[in-house]
Amino acid sequence: MTKGLLTTVLCAFVAASCSTKADCRGDFCGTIVIAIGGEPETLFPPASQTTAADAVADLIFLKLADIGPGMNSVGDEGFLPRLAESWEWEDSVTLVFNLNQLARWHDGAPVRAEDVEFTFAVYTDTLVASPKASVLERISSVTPRNNGQVEFKFRLPYPEQFYDATHYMRILPRHVLDTIPRVSLTSHPITRAPVGSGPYRLVRWRASEAIELVADSNFFLGRPGLARVIFRVTRDTESALAQVLAGEADVLEQLVTGVNVDRISTAPHLRTIEYPSSSYLYLQFNMRNPEDPEAPHPLFRNRMIRRALAMAVDQQELIDAVLGGLGDRTIGPVSKMLSIWNDQIPSLSYDTTRALELLNGLGWTDTDGDGYLDRSGRRLEFELVIPASSRSRRQAAVVIQDQLRRVGVNMVVAELELNTLISRVTSGRFDVFFGSRTQDPSPSTIREAWSSSGIGGANFGGYSSSEFDRLINSAIESQQADSAMTLWHRAVAHINADAPAVWLYSPNTVAAVHRRIEGVTIRPDQWTATLWTWRIPESRMIARDRRGAP
Amino acid sequence: MTRAIVRRLYQSVLVMFVVATATFFLIHLAPGDPFTPSIESANFSQEIVAQQRRNFGLDQPAHIQYVRYLQQIATGNFGISFSQHRPVLDVFYDVIPNTIVLAIAAILIDFVTGMTVGVFQSTRKGSRVDSLLSAISLVLYSTPVFWFGLMLVLLFGVTLRWLPTAGAIDPVVYHSLSLPGQLWDRIRHLILPAATLGLIGAGGTARFQRSALLEVLAEDFVRTARAKGLRERTVVTVHALRNSLLSIITLFGLSLPALLSGAVLVETVFSWPGMGRLITDAVSSRDYPVITGAAIVSALLVVAGNLTADILYRFADPRTRTAQ
Amino acid sequence: MTATPILQVHNLSVAFETPRGVVHAVDDVSFDVARGETLGIVGESGCGKTVTALSLLKLIPQPPGRISQESRVLFDGVDVLSLEGEALRKIRGARVAMIFQDPVASLNPVLTIGEQIAETIRAHKPVSRAEAREQAILLLDRVGIPDPAHRYRSYPHQMSGGMLQRVMIAIALSCTPDVLVADEPTTALDVTIQAQILDLLRGIQDEYGMSLILITHDLGVIAEIADRVIVMYAGQVVEEAATETIFSQPAHPYTRGLIDSVPRVDQPQYQITAIPGSVPPASNWPSGCRFHPRCPYAWDRCETEPQLERSGSSSAVRCWLAVDTDKATE
Ligand SMILES: Nc1ncnc2c1ncn2[C@@H]1O[C@H](COP(=O)(O)OP(=O)(O)OP(=O)(O)O)[C@@H](O)[C@H]1O
Ligand SMILES: [Mg+2]
């Protein structure tokens, strides 16, 4: 009797878990699961601060226009129409967008010019305190002309006007958000139940677990190829790997190490896709004395020491040892994604003989025969601070330490908890900092990190060169694409010669993607930007694709 | 009995207060600030940072923040998460049940296997199975949680594909399943993480149970039970095991904090949507309200566990009940 | 002689393997117990009384204990030491029952005393829970516990030592055994309580007509209730005799020493003459006569070990003095 009952219950379980609902047919079915490295903290774009939040939000919300595959940020060349169907410049500070009449919010309401005006108001409202507000400072107003036309006024003409007008703002639905007081906007429940106008809409968000999106089959730019996209929150890379290897997840956008890439390559159902990353790593010299910010650093105020150290580091060995070959040596403070990347730019190359000559010339010699250089009784040594949380940087630090020992330099590595590191680095209490920077498609962010205008901000080492400042300012202001490029290259060559940092590498990002998915393209600055054009042909679908939309 | 429980409740209020205070000041003393902009990507203005700090009351001096915080907590409000922009209680509501389910499943596996093996061993003390099981439990006991979990994932998830490797549910199908189907889906997802945490604990529990039972088996009343002509099974289960339960219950109370901290690791390996991962994230992003809230909740869970142990103890040992 | 003895112990030797070597706790002990008889076993602490008692029900933990091959404990003609499992269980508690020295430690602290009686009944008799309970309450009443129905639900910690020893007796009586082994039943109790417990034991022995083995180091107790006495020293039987004989004509110097050390109410002016020294450790018995280092009559012959010499049907002594009567009369 009990046994019979047990069997019945078990059968019910099995039947229920295997039962397939609505068999989806056709090329637009497809369900993919993405193992995403973090959980969006919000799906209210003005408040978002993490790549995970942007990755999901960019499937739900649209910008007026998207940057093109060439990553050009100057002028409007290469930009792709999104909510705006077209645009025209009325004068150098007036840009008018014509909205696509077919564009609709997920609740069916048409997208109007007031939505764009409202969006700008929200992004720049100090009560909202959007991190994006400061990049919109040069836009003076956004005004609707009529339902389908919106006018942007700039405070002054500059090359990246179009980029600023389109790249940072995801257009928000005024009719949904208007009634909510601005100050409570970022913590309102609507931030977790977004209404957008993008290819996908949110079905459900299981906190800490999964976010499920379903395609808007009437999407005005064309029907999305995949019916469902599920982001599964997976903080741990090992867990993410296990999921794609076991076939539970279809996409992992960051394999991180060469070992992981090898493991994926052995799985017949997966393929790897390599794309340039938006970050670069470097050892930043502190130009100021860590004990006394007014005084110069005893070692690194000397350009020759910096150059010698830069020449003593073998980037290729680092790339092989730490990334398993998955990366390029950087040509300056430039990630491989940027349009200004060019490996012909002059930079200091690895040359230990020259490095040693330079140091000897400065009076640093090994007088006591202990293998380390010294001068007037002081050994040539300094401290490198690194975040303890970064495994790759810990590995790299050891390799660099060894390379420097070969030229007689003693580098001591200090692993710091992230917040301690931040407070030391931002207050200038360090010798050398192992940094990593993630860039926007626009090269103009180089200015805040390395020019003298960034001192007190993101220029932690306090490098200051009036020539570099001049070159970079004119590069940013230049209206001509060709001359801008030349100026950028000259600026980079200049900073390379000054060596305020040892440029190390820009890692290549490798994604693992299930082989049944076709049309996979990845935009380096935002890997989900083109996800809505991926698709799965009916012939290659697997069980989960047939489940279709809920 | 009820008096003792009431006293425990008073204690837990005190514990909460101490934990809230200690955590509050510890995180305010720790370097870092929730609204420090990233040093690794595009910067945003100090103005915005200042505004964000104002929005969350961080511009006030620490003692004022502290008093406000206590007032809030007293009304059952843990504030608003800095990073998730929503009430901490909502955040907890989403993750705490998952952690509790995992912990309970792990405790069941831990104590059921651990005690069974320990009892089995002590009835065969000195035999070859006994030493084999002792070796196994010692190895398990000293296995790193993270590594063990990973091995289980690779074996049962990736190679054999018997069980899912991650999460508490299968997000692809879960919402279209019938109720029993959903339950089954949850059980399948629970097996590996609970087994990881439970088996490692079982290693220790087995060793503990073995020695506890051996100790009791040497007691006079066990000899009496044998002399009375009771069956050996009755002697072991009714007389010896019941008395060894007393020390096992103490172990249970003591193992709760370890279990919770082990859960942090297991939740990472299995992408389990629980409190452990929330705390790790909150600490690195300096999400003060979540950190303090989580510390209080963890303390409460431990207090609740100890209260359970107390009550169990009272049931198991008549001597601790008030004398008639 | 009437029927065969209910219990016959032949050549019982028990040793323990300890980290400090082999302990010969009991060495070649033999004795009989007739039906209805009360046999006393006396001896100082550590001389092997408890080990002997436990061996009767094969309760010696093995290992570390080891009972020699030659040892026999014949209960009603069956060798208890050769029994295992159910057959052994059916004798324990049902035919041969035991009570121990420390009633507090001997009862399970987490079970009610009623349960501990009832479970014994149910282990041997096909009765329902309710019937077992009723019988247990009757037994509690019989052993003199007031308000037994209420006391049934008490836990050991709620009762005094004397009461608990009564409970132990109730447990022992629950299946009306043929033999009751009482190992120092009164040692742990107050003097006033001791007498009550002894009275109780004597009463129930009369009533049930069972054999009683009473282990004690108190000769006063022996004098009160034993029919026959065995004196043990250092794991061996050194003398065996009827109770009157022991007191009137103790044959062994050790027995004499024991008798002399009993405080006597009738002659308070006499000083108590205790035996000098103490029992040597069981891991290292003296060679020859084990008592000779402490014996006031020791002579050179005592360097070799004397045998237990029987004289008559119920007397025996292990002493060279008993063999060499010349010496004895000196
Ligand atoms: N389990 C055991 N392991 C080792 N030695 C033991 C064990 N049980 C008893 N012995 C030893 O056997 C010897 C006899 O012990 P036993 O308990 O029989 O003495 P006893 O005459 O009952 O003394 P007491 O009056 O103190 O009860 C002692 O020396 C004791 O140390
Ligand atoms: Mg004894």
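Every number in this text was worked out from the coordinates using simple rules, so none of it is lab data. The structure presented is a predicted model; accordingly, all values stated were derived computationally and were not measured. With ideal geometry, Cβ positions are generated from the backbone for all residues, glycine too; neighbour counts draw on all protein chains shown.
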Proximal charge balance of B:F146 [Cβ under 10 Å; K/R count +1, D/E count -1]
-2
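If you take the beta carbon distance between A:W89 and A:R470 as r and set R0 to 41 Å, what does 1/(1 + (r/R0)^6) give as a FRET efficiency, to the nearest 0.05? Each step should come with its number before you reach the end.
Values: r = 28 Å, r/R0 = 0.69.
Computed FRET efficiency for A:W89 and A:R470 comes out at 0.90.
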Return the average number of partner chain Cβ atoms within 10 angstrom of each residue Cβ along peptide B:216-225.
6
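What do the square roots of 5 times the Cα gyration tensor eigenvalues come to for region B:113-249, in whole Å, largest first, as semi-axes of the equivalent ellipsoid? Working shown, then result.
Details: eigenvalues 299, 68, 24 Å².
The three semi-axes for region B:113-249 are 39, 18, 11 Å.
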Between A:L102 and B:L138, what is the label-point separation in nm under the 7 Å Cα-to-beta-carbon projection?
7.3
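When 1/r is averaged over all different Cα pairs and the result inverted, which Kirkwood radius in Å belongs to chain C?
Averaging 1/r across every pair of different Cα atoms and inverting gives 20.9 Å.
When the Kirkwood radius is taken over all Cα pairs of chain A, what Stokes-Einstein diffusion coefficient follows at 20 °C and 1.002 mPa s, in µm²/s? Spell out each step's value before the answer.
Working: Rh = 25.8 Å.
Taking Rh from Cα pairs, D becomes 83 µm²/s.
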Suppose each label sits 7 Å from its Cα in the direction of the beta carbon; what would the A:M304-C:T4 distance come out to in nanometres?
11.5
Return the FRET efficiency for the residue pair A:R515, A:Q316: r is the Cβ-Cβ distance, R0 is 35 Å, and the value is rounded to the nearest 0.05.
0.65
Return the equivalent ellipsoid semi-axes of the protein assembly as shown as a descending list in whole Å, where each equals the square root of 5 times an eigenvalue of the C-alpha gyration tensor.
87, 36, 26
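Determine the gain in length on full extension of the stretch B:R321-B:R161; use 0.36 nm per residue of separation and subtract their C-alpha separation, reporting nm with one decimal.
52.5 nm
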For chain A, what does the helix formula give at 222 nm: sum of -39500 (n - 2.57) over DSSP H segments with n ≥ 4, over the residue count, nearest 500 deg cm²/dmol?
-8500 deg cm²/dmol
Would you mind computing, in nm to one decimal, how far apart the modelled labels at B:F17 and A:T486 are, each placed 7 Å from Cα along Cα→Cβ?
7.6
Hey, got the Cα dimensions of region B:21-75 along the principal axes, in Å, largest first?
39, 21, 18
Taking one equal scatterer on every alpha-carbon of region A:279-507, how large is log10 of I(q)/I(0) by Debye at q = 0.07, 0.11, 0.13, 0.18 1/Å?
-0.21, -0.53, -0.75, -1.45
Neighbour-count order for B:W147, A:W534, fewest beta carbons within 10 angstrom listed first:
B:W147, A:W534
Per-residue ellipticity at 222 nm for chain C, helices alone: DSSP H runs ≥ 4 residues times -39500 (n - 2.57), over residue total, nearest 500 deg cm²/dmol?
-9000 deg cm²/dmol
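Count charges around C:A34 for me, please; just the other residues with Cβ under 13 Å from its Cβ, Lys/Arg as +1, Asp/Glu as -1.
Details: positive: C:R35, C:R228; negative: C:D32, C:E37, C:D76, C:D178, C:D227.
Net charge in that neighbourhood comes out at -3.
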Highest-first arrangement of C:210-222, C:275-287, where packing means the average Cβ count within 10 Å:
C:210-222, C:275-287
Quick check for you: which residues of region A:513-533 have the amide N under 13 Å from the point 7 Å beyond the Cα of A:R271 toward its beta carbon?
A:513-522
Using the C-alpha atoms of region A:277-350, what convex hull volume per residue, in cubic angstrom, is computed?
119
Partner chain Cβ atoms within 10 Å, averaged over the residues of A:411-423 - can you pull that number for me?
3
Take the alpha carbon atoms of region A:62-171, find their radius of gyration, then divide it by 2.2 N^0.38 Å using N residues; give the quotient.
1.00
At the level of C-alpha centres, the distance separating region C:78-94 and region C:124-145, in angstrom, is 23
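Within 10 Å of each Cβ in C:96-105, how many Cβ atoms from other chains are there, averaged over the peptide? Present the calculation step by step, with values, prior to reporting the outcome.
Values: counts 2, 3, 5, 2, 5, 1, 2, 2, 2, 5.
Per residue, the number of nearby Cβ atoms from other chains is 3 on average.
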Give the whole-number value, in cubic angstrom per residue, of the convex hull volume spanned by the C-alpha atoms of region A:186-244.
111
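Count the lysine pairs in the protein assembly as shown that are 8 or more places apart or on different chains: how many have C-alpha atoms under 15 angstrom apart? Mind showing how you got there, number by number?
Numbers: A:K63/A:K132; B:K228/C:K58; B:K228/C:K90; B:K228/C:K125; C:K49/C:K58; C:K58/C:K90; C:K90/C:K125.
So the count of such lysine pairs works out to 7.
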Add +1 for every Lys or Arg and -1 for every Asp or Glu among the other residues with Cβ under 13 Å from the Cβ of B:V158, and state the total.
0
Set the Förster radius R0 to 22 Å, insert the Cβ-Cβ distance between C:S313 and C:D76 as r into 1/(1 + (r/R0)^6), and round the FRET efficiency to 0.05.
0.60
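For region A:279-507, what does the relative contact order come out to in percent, with C-alpha contacts under 8 Å and a separation of six or more? Provide the component values of the computation, followed by the final result.
Working: 424 pairs, mean separation 77.9, N = 229.
Worked out over region A:279-507, it gives 34 percent.
Tell me, what does the Kirkwood hydrodynamic radius of region A:352-432 come to in angstroms if you use every pair of distinct C-alpha atoms?
Numbers: mean 1/r = 0.0723 Å⁻¹.
Kirkwood hydrodynamic radius for region A:352-432: 13.8 Å.
If the viscosity is 1.002 mPa s and the temperature 20 °C, what Stokes-Einstein diffusion coefficient in µm²/s follows for region C:102-174 when Rh is the Kirkwood radius over Cα pairs?
On the way: Rh = 11.7 Å.
Translational D for this selection: 183 µm²/s.
How far, in nm, would the chain grow between C:Q196 and C:H150 when pulled straight, counting 0.36 nm per residue and subtracting the alpha carbon separation? List each step's numbers first, then the result.
Numbers: separation 46, 0.36 × 46 = 16.56 nm, distance 2.21 nm.
14.4 nm is the gain from fully extending C:Q196 to C:H150.
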With no solvent term and unit scatterers on the alpha-carbon positions of region B:252-324, Debye gives log₁₀ I(q)/I(0) at q = 0.14, 0.18, 0.26 Å⁻¹ of -0.55, -0.75, -1.14
